[in-house]
Amino acid sequence: MIIDEKLGNDYIIGCECDDFFIVKRLSPSVECPHCGKTELPSAMLTQWTLGHDVAVRVREVSGGAVS
Ligand SMILES: [Zn+2]
């Protein structure tokens with residue numbers, strides 16, 4: 001299970017069963033409504049950040065250097 005996209009506070013989750021669903025909040029575990037598989041959001045967040053959030057991290061580094 002992976003975070004496919006982040007829309008504001010919502011996360012679009014893609015499951016191995018080819019189902020996609022939206023979660024409003026990443027609770028301690030996310031459960032696929034289609035196949036019932038559960039996943040830890042922290043692992044998905046880490047993976048998503050590595051792949052999609054480079055620009056945000058660069059900005060944070062720059063901001064830290066300024067202040
Ligand atoms: Zn599923």
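The residue of segment 1-15 that is nearest to the ligand (Cβ to nearest atom), among those that are surrounded by 16 or more Cβ atoms within 10 Å (Cβ to Cβ) and not aromatic (Phe, Trp, Tyr), is Cys15. The residues of segment 16-32 that are in a loop (DSSP other than H, G, I, E, B) and within 14 Å of the ligand (Cβ to nearest atom), listed by number, are Glu16, Cys17, Asp18, Asp19, Ser29, Cys32. If you go through segment 1-31 and keep only what is among the basic types (Lys, Arg) and more than 17 Å from Thr49 (Cβ to Cβ), you end up with Lys24, Arg25.
Only the coordinates and a few stated rules stand behind these numbers; no lab work does. What you see is a predicted model, and the numbers here were worked out from it, not measured in a lab. Glycine also receives a Cβ, built like all others from the backbone with ideal geometry; neighbour counts cover every protein chain displayed.
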